[in-house]
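Here the structure is laid out as structure tokens; the discussion comes afterwards.
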Amino acid sequence: MADATAGDPVPDASAAWDALREVLDPEIGENLVDIGLVYRVACAPGLVEVDLTLTTPACPAAGSIAEQAEHAIRSHCPEVREVRVTVVFDPPWTPERMSEQVRQRFGW
């Protein structure tokens, strides 16, 4: 894959966030953003970087969730030359990161 260069357009961060809303956690059945798994989205010329976490470090879907996130961003941001999705565990995820709507759906 070609590296992003300074001459590339800067992707729209809101489009990247929207793309991540289409990726569902396979166990919870809700999107990554509303669950509170996305910690950071940063855009630079031709590049989107995402830091996301999982509900537990032992999540067997870690690789597939990261791949789905990358694919979603590429389909929503065609100007992107490079997508970097990093799975992080600091700070650890807690249910307080969920959107109010998702917490209500689960009765929390």
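The values are calculated or read from the model by the stated rules, or taken from the named source; none is laboratory data. This structure is a prediction, so every number in the text was calculated from the model and none was measured. Virtual Cβ from ideal backbone geometry, glycine too; neighbours counted across all protein chains shown.
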- By residue number, the members of segment 59-108 that are farther than 19 Å from Ala15 by Cβ and among the small types (Gly, Ala, Ser) are Ala61, Ala62, Gly63, Ser64, Ser99, Gly107
- Considering only segment 1-29, state which residues are part of a loop (DSSP other than H, G, I, E, B), modelled with pLDDT of 95 or more and crowded, with 19+ Cβ neighbours inside 10 Å. Val23
- Quick one: is Glu82 over 17 Å from Ser99 (Cα atoms) and touching a residue at least 60 places away in the same chain (Cβ under 8 Å)? yes
- Query: Is it true that Arg103 is modelled with pLDDT of 95 or more and either crowded, with 17+ Cβ neighbours inside 10 Å or not in a loop (DSSP other than H, G, I, E, B) (or both)?
  - Reply: no
